[in-house]
């Protein structure tokens, strides 16, 4: 297993390198540069060029890339062109917020999605299967930002149960932390829960038709052992795949949800830096998110090996 | 991306929401009515925490290195300026108690307020002010050097509280310029460690920054030793960054904030939720505009520019897209502001008159109209304004193609001369000269076509010769007369009208004057 994990980690290194290259190239494809923003609102073309030189943006791209990579390898994510703040500090402030939001969203969507999927798979064709399948269709179709606004109106403004905006760090206590995350995590994780429910249902239906399940039933095994031991584990592989993909997608989805709930996470930071053409922050964001996705993929690969020993051997 | 010429009704709501991003930081001129629900028996809670829902993240906490005027509302809590301005834009004492421009215009001498200190306890004296000017003028990263360098050569200490600026340009605008970023003084300790200012601001303002999560939350505490004990009668200020307009109102309705800017129908929504609202009676210095490159398309001809002014239905834009919270007008400075020309008859430019527009186009030999392409930032408010104008122009035979793109790229394309026209906004500032120079001087940022007149440079300089506000007003009247005789290359659409909503226990909030909500926050108090 250790060799398997080591191979996957080594395989991630060239991916990370290629992503840094692409991220750097993409930044140059974005029209306009930070000098236009930094030069101020009424700046002339000459003034913008002066500022461009001051900021070092006139240097060849390759020089800027290697300077950035050199700093990156020494653990320095750079400094914001606009605010002068350390990007590492900005990331340290933002990562816990987005990580909290994503983890809570993943947790509830995994639990609820799996339960719905197993239930509908076991009772396929029943009225409750059809009702829950319709619900998951709704979950897939509903835009997260719209759901977020509805949740705020209902649970914050009308019932006053949860805060409408803001974030409380875990150091303030578990309850304040969770109360600020429930609504955004619910809005963010709805599509994921629906997707997991769909995949779990399909997996369960598929597994239930296998001979070994028929054999287990014929042996007289109790239903909870048939479901718990023989069905869910074998139905889990496609679910894990979806889970991995959704985990990465949730980071992207957090950009909008963080705006609606005024959460100071990576999404807010990324949006602001893109609008300001603050390249070093954009690049730091891409590196951090890439590492996050690579870690998720690694965990998914490891879980494949757990669920299916053939993967381990290959 | 090209958009066909049509009006789209559903755009209205989106336009109003987007307007907050663009115009929320703008200020207002005329006084407002008292807030509803004011309790005459209420007393100020000096230990209160006020939570303000802000829009813009400060680009830097170092006032001499920030890049946008949108920073200033926040920075004013931390950094007092040398001067301030009243509701008409006239300068008033602040850190500087008095000032004098030498008769020959060679020096500008300020006497500092006795007893004012920086947050670290250092005195705001002549030496500190001179050191600040030294930095603003000579630091290669200074973003205020371009404002000061054409006027000030150096600063020297006369005595403990008197500082003299040695001038190389007309100094009449200094009292209004110093009410803005260029007048924000940094403690000498901060000047010695300038890198730290980006995160640890050291100003002479009423508040000390205790904690900051950049882009999210700034926690400030009022200084006990602040020189003006009547200002900011509350203990703590939590400044939240809430970019989304709906989020800001949600936070207010949920009781999570005390006060925030609202736009369009949000005012009615706030009132329906038993919140107080304040709308300024006059317009702000910020405005929506349509800029033309006079070396492109048919814009070199004054008759064409005038025709386009007459073709634009400003009232329709103000009512439809801004819910009436925008005051139509053709002049760049609103009524009530000292630089507005009361003497100028601008009716032929400001009145919606499609017939006149067609006549002018026929006179210019363009009876069959003409086509051009305007670059439009991808924010919905700009697109909506552009589409209404597109429809207006189509009525008189002008075809306006829209090229929607990122805001920075749109601005860049216009400034470098590769775009015919640009739809956008102007944020305003405490000195009108910055706009005049940018819009009417050749090859400046807002005038890539170089449209000017032989007298223009002299007239702009004339607005900066005297510190007497009556003299400056007269000079601006002359300048505006020349501008409209020339035919400006910018169509001013309407000036924003600021609106705030807050909790019913907020008292004496008045966003009048060019400083807008910043002044309101200074004067207000809360009873809970």
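What follows is calculated from the coordinates using simple rules that are stated; it is not laboratory data. Worth saying up front: this structure is predicted, and the values here are computed from it rather than measured. Every residue, glycine as well, gets a Cβ built from its backbone with ideal geometry; the counts of neighbours run over all protein chains shown.
Compute a Gaussian network model of chain A, connecting alpha carbons closer than 10 Å, and tell me which residue from A:94, A:197, A:131 fluctuates the most.
A:131
Taking R0 as 30 Å, what's the FRET efficiency between residue A:142 and residue A:88 from their Cβ-Cβ distance, rounded to 0.05?
E(calc), rounded to 0.05, equals 0.20.
Once you place label points 7 Å from the Cα toward the Cβ at residue B:395 and residue A:46, how far apart are they in nm?
The modelled label-to-label distance comes out at 4.2 nm.
Measuring from centroid to centroid over Cα atoms, what is the spacing of segment B:477-522 and segment A:110-175 in Å?
Each part reduced to its Cα centre gives a spacing of 44 Å.
Just to confirm the number: angle between the C-alpha axis of helix B:302-311 and the first principal axis of chain B, 0 to 90 degrees, nearest 10?
Result, in degrees: 80.
Cut-off 10 angstrom, C-alpha nodes, Gaussian network model of chain A. Which of A:108, A:146, A:127 fluctuates the most?
A:127
Mean-square fluctuation check for chain A, GNM, Cα pairs under 10 Å: which of A:109, A:156, A:268 is largest?
A:156
222 nm [θ] for chain A, helices only, -39500 (n - 2.57) per DSSP H run of 4+, per residue, to 500?
Using -39500 (n - 2.57) per qualifying helix, the result is -25000 deg cm²/dmol.
With the contact rule set at Cα under 8 Å and sequence spacing of 6 or more, what percent relative contact order holds for segment B:83-235?
22 percent
For chain A, take the longest principal axis of its alpha carbons; what is the angle in degrees between that and the long axis of helix A:232-260, to the nearest 10 within 0 to 90?
Helix A:232-260 and the main axis of chain A meet at about 30 degrees.
Can you tell me the FRET efficiency between residue A:126 and residue B:523 if r is taken as the Cβ-Cβ distance and R0 is 56 Å, rounded to the nearest 0.05?
Computed FRET efficiency for residue A:126 and residue B:523: 0.25.
Give me the percent of DSSP beta bridges within the protein assembly as shown that run antiparallel, rounded to the nearest 5. Provide the component values of the computation, followed by the final result.
Details: 59 of 77 bridges.
Counting DSSP beta bridges with both partners in the protein assembly as shown, the antiparallel share is about 75 percent.
Roughly how far apart, in whole Å, are the Cα centres of segment B:142-162 and segment B:408-464?
Measuring centre to centre over Cα atoms gives 25 Å.
If I take every Cα pair under 8 Å that is 6 or more residues apart in segment B:373-414, average their sequence separation and divide by the length, what percent do I get for the relative contact order?
Normalised by residue count, the contact order of segment B:373-414 is 57 percent.
Quick one: length gained pulling residue A:69 to residue A:6 fully straight, 0.36 nm per residue minus the C-alpha distance?
Numbers: separation 63, 0.36 × 63 = 22.68 nm, distance 2.39 nm.
Using 0.36 nm per residue and subtracting the Cα-Cα distance, I get 20.3 nm.
Could you state the angle between the C-alpha long axis of helix A:87-122 and the longest principal axis of the C-alpha atoms of chain A, as a value from 0 to 90 degrees rounded to the nearest 10?
20 degrees
Say a paramagnetic label sat at a point 7 Å from the Cα of residue B:46, along Cα to Cβ; which residues of segment B:203-217 have their backbone N under 17 Å from it?
Backbone N within reach: B:206-207.
How far is it, in nm, from the label point at residue B:231 to the one at residue B:102 when both lie 7 Å from their Cα along the line to the Cβ?
Going from the residue B:231 label point to the residue B:102 one covers 3.0 nm.
Just grab the label-to-label distance for residue B:300 and residue A:22, each label 7 Å out from Cα along the Cβ direction, in nm (one decimal).
It is 4.9 nm.
What is the average number of partner chain Cβ atoms found within 10 Å of a Cβ in B:59-69?
Mean shielding by partner chains, rounded to a whole number: 5.
Other chains near B:439-448: what is the mean number of their Cβ atoms within 10 Å of each residue's Cβ?
On the way: counts 1, 0, 1, 0, 3, 6, 10, 4, 2, 2.
Shielding by partners across B:439-448 averages 3.
How many partner chain Cβ atoms sit within 10 Å of a residue's Cβ in peptide B:428-436, on average, as a whole number?
Mean shielding count: 1.
Based on the mean of other Cβ atoms within 10 Å per residue, sort peptides B:293-299, A:302-308, A:77-83 so the most packed one is first.
A:77-83, B:293-299, A:302-308
For chain A, calculate the relative contact order in percent as a whole number, restricting contacts to Cα pairs under 8 Å that are 6 or more residues apart.
The normalised contact order for chain A reaches 26 percent.
What is the antiparallel percent of DSSP beta bridges lying wholly in chain B, to the nearest 5?
Counting only bridges with both partners in chain B, antiparallel ones make up about 75 percent.
Would you please give the FRET efficiency between residue B:486 and residue B:268, computed as 1/(1 + (r/R0)^6) with r the Cβ-Cβ distance and R0 = 56 Å, to the nearest 0.05? Don't skip to the answer; put the middle values down first.
Working: r = 42 Å, r/R0 = 0.75.
The computed FRET efficiency comes out at 0.85.
Given only helices, namely DSSP H runs of n ≥ 4 each adding -39500 (n - 2.57), what is the per-residue ellipticity at 222 nm of chain B, to the nearest 500 deg cm²/dmol?
Value at 222 nm, helices only, nearest 500: -8500 deg cm²/dmol.
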